[in-house]
Amino acid sequence: MSDQTLLLMSLAEQLEDFIQTTVPSAEKVSKYGGVLFTLKPEQKEGQFCGVFIYKEHVQISFSLGAELDDPTGMLEGTGKRRRHVNFKDATDVNYDALEGLINQASLR
């Protein structure tokens with residue numbers, strides 16, 4: 001594995017741990033090539049966010065991201081519902097702002 005791949009895998013693990021710490025009652029579900037977080041595992045579409053590894057970044061995707069208050073302008077995307085944040089390395093992560101988004105998303 002390349003150094004870049006190992007870096008992204010480590011970053012994804014850090015982000016997953018951060019989400020789990022932020023919302024301890026969330027359950028992890030492996031799906032769509034990533035890890036989804038849900039408070040409603042019995043519902044097909046109950047996930048509130050997910051972590052996905054791409055070739056050059058790690059993405060946190062928010063299922064209802066268009067509804068989130070995003071004062072720092074972190075969220076990207078123009079779809080009806082979904083929004084995401086891409087990270088190339090750990091120095092890109094604004095954990096305070098991310099925590100706010102995760103908490104909001106988990107309450108939707």
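General observations
- Residues that are closer than 18 Å to Asn86 by Cα and surrounded by 14 or more Cβ atoms within 10 Å (Cβ to Cβ) within the stretch 14-37 comprise Gln14, Leu15, Glu16, Phe18, Ile19, Gly34, Val35, Leu36, Phe37, listed in sequence order.
- So Ser63, is it among the hydroxyl-bearing types (Ser, Thr, Tyr), within 13 Å of the chain's Cα centre (by Cα) and either more than 20 Å from Met9 (Cα to Cα) or surrounded by 12 or more Cβ atoms within 10 Å (Cβ to Cβ) (or both): yes
- Considering residues of the stretch 39-68 that are assigned to a loop (DSSP other than H, G, I, E, B) and among the polar types (S, T, N, Q) only, the residue modelled with the lowest pLDDT: Gln43
- Residue under evaluation Ala12, criteria (1) assigned to a helix (DSSP H, G or I); (2) touching a Cys at 6+ places or on another chain (Cβ under 8 Å); (3) among the aliphatic types (A, V, I, L, M), criterion not met: (2)
- Tallying residues that are over 12 Å from Phe18 (Cα atoms), hydroxyl-bearing (Ser, Thr, Tyr) and surrounded by fewer than 15 Cβ atoms within 10 Å (Cβ to Cβ) within the stretch 86-108 yields 1.
- Some residue of the stretch 43-57 being in contact with a helix residue (DSSP H, G or I) (Cβ under 9 Å, 6 or more places away or on another chain) and of a type in the set (S, T, N, Q): no
- Those residues of the stretch 23-52 which are among the hydroxyl-bearing types (Ser, Thr, Tyr), out of contact with any Phe, Trp or Tyr (no Cβ under 9 Å at 6 or more places or on another chain) and touching a residue at least 12 places away in the same chain (Cβ under 8 Å), in sequence order: Ser25
- Checking the stretch 79-99 against the condition returns a match, with at least one residue being in contact with an Asp or Glu (Cβ under 9 Å, 6 or more places away or on another chain), in a loop (DSSP other than H, G, I, E, B) and touching a residue at least 24 places away in the same chain (Cβ under 8 Å).
The values are calculated or read from the model by the stated rules, or taken from the named source; none is laboratory data. This one's a predicted model, so the numbers in the text were calculated from it and none came from an experiment. Cβ: placed from backbone, ideal geometry, glycine included. Neighbour counts: every protein chain shown.
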